[in-house]
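Novice: Before anything else, here's the structure in question.
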Amino acid sequence: MENIEVKAYGTEAAEAPLKPLNIQRRELTSKDVEIDILFCGVCHSDLHTARNDWGGSMYPVVPGHEIVGRITKVGSDVSKFKVGDMAAVGCMVDSCQTCASCAQDLEQYCENGFTGTYNGMDRHTGGHTFGGYSEKVVVDEHFVLTVPENLDPAAAAPLLCAGITTWSPLRHWKVQEGSTIAVVGLGGLGHMAIKLAKALGAHVTLFSRSPEKEKDALELGADAVVISTDPIQMTSVNRKFDLIIDTVPYVHDLNLYIPSLNINGTLVLVGFLGNVDPLLNTVPLILGRKSVAGSLIGGIAETQEMLDFCGKHQIVSEIEMIKIQDINEAYERMLKSDVRYRFVIDMASLKS
Ligand code: NAP
Ligand code: ZN
């Protein structure tokens with residue numbers, strides 16, 4: 001097998017900035033497609049992995065799991081795609097495809113471990129995977145999605161992670177016309193949660209630390225904004241929500257949000273990975289039959305369902321296009337919550 005060498009952007013160490021690198025893509029298997037990457041969204045997980053915030057980063061790290069591009073080659077057994085098609089790849093590029101989770105279209109919970117688009121173990125080569133901050137990617141067609149033609153491909157890229165990560169809990173907790181939900185944090189995930197929940201017919205409130213984002217939140221479709229650092233505003237929403245989607249990336253006090261859950265309500269964490277601090281008080285959970293839960297991205301079929309829904313409802317991300325050479329500055333701005341509301345890399349810049 002002959003590997004394909006491609007240009008990429010990545011980092012050799014947690015403390016080092018991202019820089020140009022050359023990486024190898026595997027020669028196509030019969031089920032693989034090769035995609036020429038046009039756009040790649042910048043997720044906060046990219047930063048967490050580049051800087052080894054979660055431990056376990058394998059260097060070099062080439063981040064990027066919001067990929068949209070054009071198919072340039074297909075293996076002999078590929079049936080879903082042909083050369084020239086627009087296609088997309090999200091957070092997974094493989095899974096065992098045989099376990100009970102995979103059989104239920106829940107590849108993200110694969111019992112044998114899904115293969116992350118970056119920092120995963122490639123099931124074919126044994127090496128680790130590299131993400132979308134690169135010229136090309138080679139992926140099993142099962143993990144490749146179709147982007148509705150009416151959507152702008154650059155603004156659709158963030159749907160592949162920010163979109164599906166918020167769509168999956170909205171669907172799992174059956175958000176629909178008449179549901180009352182809240183979103184914590186107005187960043188990449190948060191702004192997609194607002195758009196998707198509104199399109200499903202929910203009444204949506206944003207919890208934010210940033211008063212200057214209030215106007216944007218209302219324009220994005222939120223019905224109300226609560227500044228989470230203001231105790232009076234916080235008590236004004238007591239017992240209101242059926243579901244709260246918490247997108248905050250760092251440790252924060254969950255107890256603040258529990259009173260705003262209705263009886264049987266759920267706070268689902270999608271942002272922070274780790275031990276809660278301060279500790280979670282179980283009393284209001286028990287007294288109100290409330291839940292605190294977690295959720296990871298979404299399965300492939302569910303991702304396609306979300307993309308089709310976005311096509312039907314004309315939903316895309318609010319993006320700021322950057323060049324790959326601006327990625328380190330973009331990470332610093334992301335840390336300051338200074339993104340309106342997703343950076344997307346124009347991958348043509350990698351060729352210059
Ligand atoms: P982002 O664009 O940086 O947005 C995060 C938002 O959270 C910020 O805009 C800010 O909103 C708020 N925030 C940031 N730091 C905070 C702090 N210390 N305390 C309170 N609020 C804070 O990030 P993202 O790309 O949406 O990603 C969010 C998190 O989800 C990341 O940790 C990412 O790794 C994770 N993630 C998880 C999954 C999954 O499958 N579960 C998938 C993708 C990403 P305000 O200014 O409005 O307060
Ligand atoms: Zn992501």
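The values are calculated or read from the model by the stated rules, or taken from the named source; none is laboratory data. What you see is a predicted model; the values in this text were computed from it and never measured. No Cβ is skipped: glycine too gets one built from the backbone with ideal geometry, and neighbour counts run over all protein chains shown. Only protein heavy atoms, including side chains, enter the accessible area calculation; ligands, DNA and RNA are left aside. Shrake-Rupley method; radii C 1.70, N 1.55, O 1.52, S 1.80 Å.
Novice: Give the number of residues within segment 225-259 that are closer than 11 Å to I181 by Cβ and open to solvent by less than 50 Å² (accessible area, probe 1.4 Å).
Specialist: Summing the residues that are closer than 11 Å to I181 by Cβ and open to solvent by less than 50 Å² (accessible area, probe 1.4 Å) in segment 225-259 gives 4.
Novice: What pairs come out if I take residues in segment 109-134 that are more than 14 Å from P60 (Cα to Cα) and pair them with residues that are open to solvent by 30 Å² or more (accessible area, probe 1.4 Å) and outside any loop (DSSP other than H, G, I, E, B) whose C-beta lies under 7 Å away, six or more apart or interchain?
Specialist: E111/A100; T115/M121; D122/H128
Novice: Being under 27 Å from V68 (Cβ atoms), within 16 Å of ligand 2 (Cβ to nearest atom) and in contact with a Leu (Cβ under 9 Å, 6 or more places away or on another chain) is true for just one of A156, A217. Which residue is that?
Specialist: A156
Novice: Does G187 qualify as being touching a residue at least 12 places away in the same chain (Cβ under 8 Å), more than 9 Å from ligand 1 (Cβ to nearest atom) and small (G, A, S)?
Specialist: no
Novice: I'd like the residue in segment 167-197 that is of a type outside the set (A, V, I, L, M), part of a helix (DSSP H, G or I) and in contact with a His (Cβ under 9 Å, 6 or more places away or on another chain) and, out of all such residues, is farthest from C91 (Cα to Cα).
Specialist: Among those residues, the one meeting the criterion is K195.
Novice: Suppose we filter E302, E332 for residues that are over 22 Å from I37 (Cβ atoms) and in contact (Cβ under 8 Å) with a residue 40 or more places away in the chain; which single one remains?
Specialist: None of the other options fit; the residue is E302.
Novice: Within segment 259-352, which strands (runs of 3 or more DSSP E) (wholly inside it) include 1 or more residues that are more than 12 Å from ligand 1 (Cβ to nearest atom) and of a type in the set (S, T, N, Q)?
Specialist: Answer list for segment 259-352: 261-269, 291-294.
Novice: Quick one: is D77 more than 27 Å from V316 (Cβ to Cβ), within 16 Å of ligand 1 (Cβ to nearest atom), among the acidic types (D, E) and in the same structural domain as Y341 (by TED's automatic domain parsing)?
Specialist: Against the criterion (more than 27 Å from V316 (Cβ to Cβ), within 16 Å of ligand 1 (Cβ to nearest atom), among the acidic types (D, E) and in the same structural domain as Y341 (by TED's automatic domain parsing)), D77 does not qualify.
Novice: Going by the conditions given, is S179 hydroxyl-bearing (S, T, Y) and either closer than 14 Å to R340 by Cα or out of contact with any strand residue (DSSP E or B) (no Cβ under 8 Å at 6 or more places or on another chain) (or both)?
Specialist: Against the criterion (hydroxyl-bearing (S, T, Y) and either closer than 14 Å to R340 by Cα or out of contact with any strand residue (DSSP E or B) (no Cβ under 8 Å at 6 or more places or on another chain) (or both)), S179 does not qualify.
Novice: So S30 clears everything in (1) more than 14 Å from the chain's Cα centre (by Cα); (2) outside any loop (DSSP other than H, G, I, E, B) except one condition, right? Which one?
Specialist: Condition not satisfied by S30: (2).
Novice: For segment 67-77, which positions are closer than 23 Å to G126 by Cβ and either of a type in the set (A, V, I, L, M) or open to solvent by less than 20 Å² (accessible area, probe 1.4 Å) (or both)?
Specialist: I67, G75, listed by residue number.
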